[in-house]
Amino acid sequence: MKIKKYLIATFVLVILWGCGGGVVIASEDRTLTSLEEEVIAELNLVRADPATYAKKYLKDLSGEAARECYEEFLETTPIGKLRNSKGMSRAARDLALDQSKNGRTGHDSSDGSNPFERMERYGSWMGSAGENVSYGMARARAIVLQLVIDEGVPSRGHRKNILAPNFTRIGVAYATHTKYRHMFVMDFANDFIEAEEK
């Protein structure tokens, strides 16, 4: 039985501009772009060895949220890798393409669908699921650092999703954004059964 634990992290609107990279829209097929692959690799770097990641990339960052993240990572046990799901990446793409066109932010699409409904278009997520959305960043490390530091999000929901040991599957999508220039969507689940493509 599927237990719906709505772990949507409140999105963060940290206006930090990423640099580099040309204009890219989430692809219509679900072959991942190089940036999408790099973000999954960066997330797995965090999960495989949080303490080393903290010492390399968080130690010298300023701010209370960065310091808190650094301290938490030093005490965090390594966890398993996230594996890409084609269906979940299609669900992430749906939100990315929607917001790319209309400039909105948040977890609800203009058609009213939430992350769980979007994932269910392409298969069945198991256990629990969640979604992170980053705005303003165009490089993998900057995207991941923005979300693990989670400045301005008291619940640290983005960080919790990234470090959730029960999450094993991920879907990702990058798109340009009319207000923040760049956006990146990550959908997480304990597991995902892909629907047969029609």
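Each value in this text was obtained by applying a stated rule to the coordinates, not by laboratory testing. This is a predicted model, so every value here is computed, not measured.
The mean of 1/r over all pairs of different alpha-carbon atoms in region 94-140, once inverted, gives a Kirkwood hydrodynamic radius of 11.9 Å. Volume per residue for region 75-186 equals 107 cubic angstrom (convex hull of Cα atoms). Reported to the nearest whole Å, the Cα centre-to-centre distance from region 42-113 to region 134-151 is 7.
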